[in-house]
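A.B. asks: Pasting a structure here, questions to come.
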Amino acid sequence: MKRTHASGRVHYSDFSVLGVEKADVPPTQYVFHSGTATNEAGDLVTNGGRVLITVALSNQLASAVAKATAACRAIQFSGAQFRRDIAAKGIARYVYSSRIRTPGSTPTRRSF
């Protein structure tokens, strides 16, 4: 599951980024940089737009979503925002499809 961490101020940059080391915990959580840079002091700063992408791996979609969301919350910078609805449709499909199965039946693909 991935979450994109974006700056609410697309054209602004040079805001200090904190907490990446807490969110980047291989082999189950990764942080990919897309809109970051380092300043003269060597600190990680925003560089506008979609700043970071957090990815979490798990056997269960809901668990991966929770881990990716927690990783986003651990990362802080001025104007930070991220979507919380990305996996909602997938979770709803999983819950719905698990309810329509009966013991001993073969799961079928359904259109939603």
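A.B. asks: Specify the residue that is surrounded by the fewest Cβ atoms within 10 Å (Cβ to Cβ); the eligible residues are those in the range 74-95 that are in contact (Cβ under 8 Å) with a residue 12 or more places away in the chain and in a loop (DSSP other than H, G, I, E, B).
C.D. replies: My answer is ARG84.
A.B. asks: Test SER34 against the criterion of being closer than 27 Å to SER97 by Cβ and free of Cβ contacts under 8 Å to residues at least 60 places away in the same chain, and give yes or no. Steps first, answer last, please.
C.D. replies: Working: closer than 27 Å to SER97 by Cβ: no; free of Cβ contacts under 8 Å to residues at least 60 places away in the same chain: yes.
Considered against the rule, which asks whether it is closer than 27 Å to SER97 by Cβ and free of Cβ contacts under 8 Å to residues at least 60 places away in the same chain, SER34 comes out as no.
A.B. asks: Condition (residue is touching a Gly at 6+ places or on another chain (Cβ under 9 Å), touching a residue at least 40 places away in the same chain (Cβ under 8 Å) and more than 30 Å from SER97 (Cβ to Cβ)) applied to the range 57-66: is it met by at least one residue?
C.D. replies: Checked against the condition, which is being touching a Gly at 6+ places or on another chain (Cβ under 9 Å), touching a residue at least 40 places away in the same chain (Cβ under 8 Å) and more than 30 Å from SER97 (Cβ to Cβ), the range 57-66 yields no hits at all.
A.B. asks: Still on this structure, I have one more. Select from the range 20-56 the residues that are small (Gly, Ala, Ser) and crowded, with 17+ Cβ neighbours inside 10 Å and write down the one among them that is farthest from SER78 (Cα to Cα). Step through it out loud before you land on a result.
C.D. replies: Of the residues in the range 20-56, the ones small (Gly, Ala, Ser) are 23, 34-35, 37, 41-42, 48-49, 56.
Filter again for crowded, with 17+ Cβ neighbours inside 10 Å, leaving 23, 35, 48, 56.
On the way: ALA23: 17, GLY35: 14, GLY48: 11, ALA56: 24 Å.
The residue in question is ALA56.
A.B. asks: Considering the range 45-61 alone, what residues qualify as being part of a strand (DSSP E or B), hydrophobic (A, V, I, L, M, F, W, C) and over 15 Å from ALA71 (Cβ atoms)?
C.D. replies: Quick first cut of the range 45-61, residues part of a strand (DSSP E or B) only: 45-46, 50-56.
Narrowing further to those that are hydrophobic (A, V, I, L, M, F, W, C): 45, 51-53, 55-56.
Hit for the range 45-61 is VAL45, nothing else.
A.B. asks: While we're on this one: Identify all residues within the range 57-73 that are touching a strand residue (DSSP E or B) at 6+ places or on another chain (Cβ under 9 Å), surrounded by fewer than 19 Cβ atoms within 10 Å (Cβ to Cβ) and not polar (S, T, N, Q); write none if there are none.
C.D. replies: LEU57, ALA66, ALA70, ARG73
A short reminder: the numbers here are calculations on the coordinates, not readings from a lab. The structure displayed is predicted, hence computed values, not measured ones. In this analysis, Cβ positions are derived from the backbone assuming ideal geometry, glycine residues included, and neighbour counts consider all displayed protein chains.
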